[in-house]
Amino acid sequence: MTASNYFHHALYVDTTQCNGCVHCVRVCPTEAIRVKSGCAVIEADKCVDCGNCFRVCPVKAIKVEQDDLSAIFKYSVRVALIPAVFIGRFSQDIKIEAIYSALLKIGFTYVFEVEHGVGVVADGIRSYISGNPDIRPLISSYCPAVIRLIQVRYPSLTDHIIRVKPPVDVSALFCKKYFADQGNDPEQTGIFYVTPCAAKIAAFKSPVGESKSPLTGVINLDFLYNKVLATIYQDRDSVSTEFQSPSAAAIKWSLTRGEVSCSSVRALAVDGIHEVSDFLEKLEGGQIKGIDFLEMKACQEGCPGGILTAGNTFLTVENMERRSAMKSHNCSCQVSPLHYYQGFLSESVTLGPVEPRSGLKLDQDIEIAMAKLESLRKIELLLPGIDCSACGAPTCHSLAEDIVLDKGSISQCPFMDLLSLNRGQITAVDALDHAENVWTGRIKD
Amino acid sequence: MDLDYNIEGGDFTHAGEASSHLKKILKSLNLDSGLIRRTVVSMYEAEVNVVAHAWSGDIHVNIRPDQIHITITDSGPGIPDLELAMQKGYSTASPAVREMGFGAGMGLPNIKENSDFMDITSKPGSGTIMKIVNQIKR
Ligand SMILES: Nc1ncnc2c1ncn2[C@@H]1O[C@H](COP(=O)(O)OP(=O)(O)OP(=O)(O)O)[C@@H](O)[C@H]1O
Ligand code: SF4
Ligand SMILES: [Mg+2]
């Protein structure tokens, strides 16, 4: 089994829409995208599902796979596991009760908020940090895009990842057990997570550190948001549904600093995939000292910046902060729904080891790799070094890398072709053919 | 394969760039990630020592299929008492350098811990040469 058919990706290129511009190529944090024959191609071994390509695509050709909502009706117990960011997506004029009842009208039989699982996770993180004093800093396992980035680009840091499952897994495990204990057939219980991003879909379909996800399926947040909104507007006098809100601190868990603010050790929060990448680069090089805990989220502002959260990130953040403030104001000291399952959940919260998945090597064999590196450096000296991406690769360096890996050709560079043309080594027709290989259909006579 | 870098004394903004570059190179050679980390951490500490304590320096890296050799040559005040300098916690870093988060006196001990071979020769008043060698196990 090769890595590429093992790692599931939730992002794909719609080849009918892609116009072969290089916006996505240039923002990919792992340089996983190339333009070939006029279309973007994502290399599965390198993709971490962060969604940066989705954000910048001017023609919406990067898609996120979507499961069919009707799949929920295969189950008699249908749980909507919603993250706080889903509620935060709605304007404050809409009552939370209305959102809950709309979800029930759509067909779920039960609505449960992911962040109820935060208490168990926070305890797990605290004891993991004190139980592993030799590994510093320890990195949160919350964001699956960050975990994948570490696997691909910073493999030596995989043992810094805190082996505690994220709140979504804890809440899903709780729901499974709770409904079984209520006498429901586990085969008939479907737990559907409403996801703010592609990374969480990938984490569900090919989990890291667990053999199987406790979820039954995922539903894209942007899709369900529209559906809930339409349901609320159709039926204004919605039934009021009783619900229990997670704690004030838990509501903010998915925001930047949400995890750090529950921590008593020296902790930092880093958000944005490029910022995370820069930080990990320095950390791996021994340049960062004295930090105990790192919260890292691939999206700016955390999950409100997720590609499926859509809407205005900052409004969502404000909605969530306000909800959290109101919750702490009217602290009714409710018992958490997870309370009676604390023991079971604390036992199941441990995550298995995260394996490295290096995507940077030139060859398995060091001597061959060294030879390839030597020629890579020679090729790089020939290339103009302007990183224009006209070759379909993000930088001159990455084209040189593609060439030594037999994945690219120097003739992809239009400047190199001009030189060859001038030297009489190729004809103008050859040069046009080469350009056509990269930019099929784009060069018009 | 040979790599060369220059280091400016006092240039804390760019300290670490040479070791970051070496890290990328080593990753492309598919070396063990622990070995890469140990090598890069050693080189980073040596790099910062030139920035913090010397006037200028050069780094020469030679990568062979079985070993990585790093030689850092600086012109600077040199190290008068090597045994003392090697002790954990010993530091002559200026208050300005300490304010930037350096000067814990852990750099040289850290290099020793992260390298298979380390050698320092120093001429007080003129400069220091540090050699670091790490073995590549296959
Ligand atoms: N290249 C050098 N030139 C001159 N003196 C040096 C050099 N490298 C180290 N030293 C001396 O050795 C001492 C110990 O070095 P070491 O790297 O262990 O600690 P540090 O640089 O003071 O602090 P830290 O590395 O923890 O930030 C330094 O304080 C300095 O006096
Ligand atoms: S920060 Fe949140 S929304 Fe963004 S990739 Fe990570 S888990 Fe998904
Ligand atoms: Mg030092």
Highest to lowest packing among A:271-277, A:128-134, scored as the average C-beta count within 10 Å = A:271-277, A:128-134
With label points built 7 Å along Cα→Cβ from the Cα atoms of A:Glu367 and A:Arg126, find their separation and express it in nm.
-> 5.7 nm
Average partner chain C-beta neighbours within 10 Å, per residue of A:147-158?
-> 2
A:Ile62 neighbourhood, Cβ < 10 Å, K/R = +1, D/E = -1, net charge +2
In nanometres, what is the gap between the two model label sites at B:Arg64 and B:Asp119, each 7 Å from Cα along Cα-to-Cβ?
-> 1.3 nm
Ranked by how many other beta carbons lie within 10 Å on average, peptides A:283-296, A:14-27, A:415-428, A:143-156 from highest | A:143-156, A:283-296, A:14-27, A:415-428
Counting other Cβ atoms within 10 Å of each Cβ, which trypsin sites (Lys or Arg not before Pro) in the range A:46-103 have at most 15 and sit in a DSSP loop?
-> A:Lys60, A:Lys95
Angle, helix B:33-53 long axis vs. longest principal axis of chain B, Cα atoms, 0 to 90°, nearest 10?
-> 30 degrees
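Given the Cα-Cα distance of A:Asp45 and A:Ala180 and 0.36 nm per residue of separation, how much length would full extension add, in nm?
On the way: separation 135, 0.36 × 135 = 48.60 nm, distance 3.84 nm.
Extending this stretch completely gives an extra 44.8 nm.
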Mind checking the mean number of beta-carbon atoms from other chains within 10 Å of the Cβ atoms in B:34-46?
-> 3
Mean separation of Cα contacts under 8 Å (at least 6 apart) over the residue count of the range A:133-258, i.e. the relative contact order in percent, is 19 percent
Diffing the range B:61-67: the Karplus 3J(HN,Hα) column from phi (6.51, -1.76, 1.60, θ = phi - 60°), in whole Hz with x for Gly and Pro, holds 10, 10, 9, 10, x, 10, 8
Calculate one ³J(HN,Hα) per residue across the range A:338-349 by plugging θ = phi - 60° into the Karplus curve 6.51 cos²θ - 1.76 cosθ + 1.60, and present them in order as whole Hz with x for glycine and proline.
-> 7, 3, 6, 10, 3, x, 4, 5, 4, 6, 9, 7
Overall dimensions of chain A as given by Cα atoms, namely Rg and Dmax in Å = 24.2, 82
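Could you sort the peptides A:402-408, A:379-385 by per-residue average Cβ neighbour count (10 Å cutoff), highest mean leading?
Top to bottom by mean Cβ count within 10 Å: A:402-408, A:379-385.
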Phi-based couplings in Hz for the range A:8-22 (Karplus 6.51, -1.76, 1.60; Gly and Pro marked x) | 7, 10, 9, 9, 8, 9, 7, 5, 7, 9, 4, 9, x, 6, 10
Which aspartates and glutamates have a Cα lying under 18 Å from the Cα of A:Lys289, excluding residues fewer than 8 positions away in the same chain?
-> A:Asp134, A:Asp159, A:Glu275, A:Asp278, A:Glu281, B:Glu17, B:Glu45, B:Glu47, B:Glu99, B:Glu113
Would you mind classifying the range B:1-135 by shape? Square roots of the alpha carbon gyration tensor eigenvalues, ordered a ≥ b ≥ c; an a/c under 1.5 is rounded, otherwise it is prolate if a/b is larger than b/c and oblate if not.
-> prolate
For A:Ile161, other-chain or 5+-apart residues with amide H closer than 5 Å (H placed, Pro excluded) are A:Ile139
Each residue of B:22-29 has, on average, a number of other protein chain C-beta atoms within 10 Å of its C-beta equal to 6
Here the residues of the range A:201-236 lying in the modelled label zone of A:Ile106, meaning backbone nitrogen under 11 Å from a point 7 Å along Cα-to-Cβ, are A:219-232
Nearest-20 debye value, chain A charge dipole, Cβ charges on Lys, Arg, Asp, Glu = 620 debye
Over 28 Å between alpha carbons, listed pairs B:Lys23/B:Lys137; A:Lys36/A:Lys297; A:Lys60/A:Lys378; A:Lys105/A:Lys165 = A:Lys36/A:Lys297; A:Lys60/A:Lys378; A:Lys105/A:Lys165
In degrees, nearest 10, range 0 to 90: what is the angle between the Cα axis of helix B:17-28 and the longest Cα principal axis of chain B?
-> 10 degrees
Considering only DSSP states other than H, G, I, E and B, which chymotrypsin sites (Phe, Trp or Tyr not before Pro) in the range A:72-118 qualify as loop sites with at most 13 other Cβ atoms within 10 Å?
-> none
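Bear in mind that the values in this text are calculations on the coordinates, not laboratory data. Given the structure is predicted, the values throughout are model-derived calculations rather than measurements. No Cβ is skipped: glycine too gets one built from the backbone with ideal geometry, and neighbour counts run over all protein chains shown.
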